[in-house]
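Novice: Just dropping this structure here.
Derivation of every value follows stated rules applied to the coordinates shown; laboratory data play no part. Source: prediction; values computed, not measured. Note that each Cβ is placed from the backbone with ideal geometry, even for glycine, and that neighbours are counted across all protein chains shown.
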């Protein structure tokens, strides 16, 4: 392996490791949320309110800056141009736009809740969601600015601080709910006020990390320069594409809001499949985009192909066994993690049903994170936007069309089918870029073997869960039993994968030693 791919793997593991820490703490957060509040009106209202800043954050900040800012900044850094001035203008413009957005959102919060959770109208969930929304919506300002600083850090190869920042949200929220439970106050009140405070802490962390890396950026008066015009031209389609993905979530929420508790069930299932999606998919997207941008700038298409192929293998090796576990043993996973306090067996069964459906779509969600940088590195954000529009139409048609047939599970089915449609369009569309975007022989040979190894591992975990069913249902034994199922499944996967030639563990160890 050459130096670049080795650093690529190290970058994946740095981002993935911090994201894993965030997701593990996220599990603790969701366990506390389901136990202390539980699926029902209050949790439905909280999920709907908290989705609003996250919707606009991905629409205006992360989508635009991952797709437009990072390649432009990386290329300027590679060419030795003025990166600080470019980042300052971007920060000033972004801050101004998001401040206006926050003001409008606070003013029209009832309309936002009506548009995104129409099923709340006429019951107590509506007023609760509006009240919660007024508290959590300013979170978008801090996270949007943090996204810019994170992009700067990633472009310079400093992945740790940007990847660690989301951990703070979970630390703040877990601490707040713990205090609320101990002092006997309303846990939801402590929870919602912790969110904007966490946003301030996250922004402070990445801002300070950028300064320690030698990048000093201060906001100024917004300026409309040719570079900002180009940033907007490239970033707007990407922001809209990310917005389309969030609209898919809103469509699902609109459908689910007609059934009390359904938003909470889908949210809990979503948090489980977000663990591998975050650890693998987001890590790959963050690290691969600046890597491909630099390769293309340096005129190294073979290096770009190698990086893309190794990222593809890395994604499959870590994602497919997770998807298999969600398909084969969803109920044991959900019951052990969530069934306690305000969450009963009926809630656990509903969450498990949604998790199995999301598991079918997990590889597609991760592969999108792999495929989009192929377009973004060439500053082509319009093509993914067109594909996203088509996927949005598929999602909406299935979500509303299947609702009378399968009820609240329709959004999960629709999201899974739309994800695979989007993945197929991205893969076929990238072929026009030539050999640099096509998988090499090693990746093509490994893919079906990884699929088979994951399927066999799924059967092993199902057999283990069946054999340990009594222990998985016992209060004092279920955590150890689930850990045993997961650990033995992982050992079986490693052995089967090695035997089939799906992957070689030595490759990962070699990359780490040489990185």
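Novice: If I take all pairs of Cα atoms in segment 367-430, what percentage of them are more than 19 Å from each other?
Specialist: Working: 707 of 2016 pairs.
Of all Cα-Cα distances in segment 367-430, 35 percent exceed 19 Å.
Novice: Separate question: Take peptides 493-502, 329-338, 191-200 and line them up by average Cβ neighbours within 10 Å, highest first, as a rough protection proxy.
Specialist: Values: 493-502: 17.4, 329-338: 23.0, 191-200: 20.9.
Put in order of decreasing packing, that is 329-338, 191-200, 493-502.
Novice: Can I ask one more? Cα gyration tensor of segment 335-409, axes a ≥ b ≥ c as square roots of the eigenvalues: rounded (a/c below 1.5), prolate (a/b > b/c) or oblate? Mind dumping the intermediate values first?
Specialist: Numbers: a/c = 3.93, a/b = 1.83, b/c = 2.15.
Cα axes put segment 335-409 in the oblate bin.
Novice: Follow-up question, since we're still on this one. Would you mind classifying segment 356-512 by shape? Square roots of the alpha carbon gyration tensor eigenvalues, ordered a ≥ b ≥ c; an a/c under 1.5 is rounded, otherwise it is prolate if a/b is larger than b/c and oblate if not. Don't jump to the answer; show the numbers that get you there.
Specialist: Details: a/c = 2.82, a/b = 1.25, b/c = 2.26.
Oblate, because a/c is 1.5 or more while a/b does not exceed b/c.
Novice: Using a Förster radius of 30 Å, what is the FRET efficiency between residue 345 and residue 455 based on their Cβ-Cβ separation? Nearest 0.05, please. Please report the intermediate quantities before stating the final value.
Specialist: On the way: r = 29 Å, r/R0 = 0.96.
Here the calculated transfer efficiency is 0.55.
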